[in-house]
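Here is the structure we will look at.
The values are calculated or read from the model by the stated rules, or taken from the named source; none is laboratory data. All values derive from a computational prediction rather than experimental measurement. Counting neighbours? That spans all protein chains shown, and the Cβs are built from the backbone with ideal geometry, glycine included. The accessibility values were calculated without ligands, DNA or RNA, using every heavy atom of the protein model including side chains. Shrake-Rupley method; radii C 1.70, N 1.55, O 1.52, S 1.80 Å.
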Amino acid sequence: MTTKKAAMQTKEITYFRFPPVDRKVFDRNYLDTVAIELRYPTYLRLKEKEPLEISEAIRERFPLYDASRQMEMTPLGATTPEPVYKFSTKQKDPILDISASNIVLVTKKYKSFEDFSAHVKFFLERCMSYLDTTFFTRVGLRYINHISGIHETGNDILEWINNDLVKPVAGGEIGSVHSVKSELAGPLREGGRYTFRYGLSPSSQKTRQFVLDWDYYKEDVEVKDCMDLLKTFHKAHFPFFWWALGGKAREALKNGTIR
């Protein structure tokens, strides 16, 4: 590819252009799950024995411990179950999963990015020497929201979700819709990419929900750059989230009347 052609392709790439919006912290929110995942080159020692040094280093904040095994489904079948070491706070949220190839911090009681990401910073400062790596193969920040309150017929979806996302469904031309599943993916201006999945839960469920699921990520990240990258993802997220909501969803956030 010539330099001129490469430059033309670069110019064609565009990024988020959502209207600016001030960040807000609400007493109640739509979040079901928030997760930070840090992947690293497989560390075989963690397949062979429990991470005693890590346990001692994080015990102050994550005193509860449990071990389990997980396997993945591939086109060739299920993989061999591998150990996952689970640590959690006294309140059992958030939970820190550690395996031979990744760390996943998950919360169901998200309050603020600062509070949640502080647990990752705590881990990085105390435990990276035990993983014997200076970089992550992938760093991701994920927000999964469930918008409740939608009528069981789904006819009022335009009031809850941005019309640009759901107008083909709510226009009436294609009749009743049992469920919706969509996915968008693209680049981030500061580096990395996003995947945005959204959809309406099946009509067979008594209470219908609209799912808004964002995953921001970047591959090949130096450990020293991890926290700044997560902050960048968080900063990019709120305007996207606010844009995706309809009027009723925004009002329910402001008034604290989320179901």
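In loop segments of the stretch 103-137 as defined by DSSP, the trypsin sites (Lys or Arg not before Pro) with at most 14 further C-beta atoms inside 10 Å of their C-beta are Lys108, Lys109, Lys111. In the context of the full set of protein chains, the stretch 194-234 has a per residue accessible area of 47 Å² (1.4 Å probe). For the chain, with all protein chains in place and a probe radius of 1.4 Å, 49% of the accessible heavy-atom surface sits on carbon or sulfur. Helices in the chain, meaning DSSP H runs of at least 4 residues, each add -39500 (n - 2.57). Divided by all residues, the mean residue ellipticity at 222 nm is -8500 deg cm²/dmol. Separation of the alpha carbons by more than 29 angstrom is noted, of Lys111/Lys218; Lys49/Lys224; Lys86/Lys224; Lys90/Lys218; Lys90/Lys181, for Lys90/Lys218; Lys90/Lys181. Across the alpha-carbon atoms of the stretch 42-132, the computed radius of gyration and Dmax are 13.9, 42 angstrom.
Under a 5 Å amide H cut-off, with hydrogens placed 1.01 Å from N, Phe62 pairs with nothing among residues at least 5 apart or on other chains.
The mean accessible area for residues of the stretch 101-184, using a 1.4 Å probe and ignoring ligands and nucleic acids, is 53 Å² per residue.
Residue order by solvent-accessible surface for Arg45, Arg142 is Arg45, Arg142, largest first, with ligands and nucleic acids left out and a 1.4 Å probe. Size descriptors for the chain, from the alpha-carbon set: Rg then Dmax equal 20.7, 61 Å. Axis angle, to the nearest 10 degrees, between helix 113-127 and the longest C-alpha principal axis of the chain: 20 degrees.
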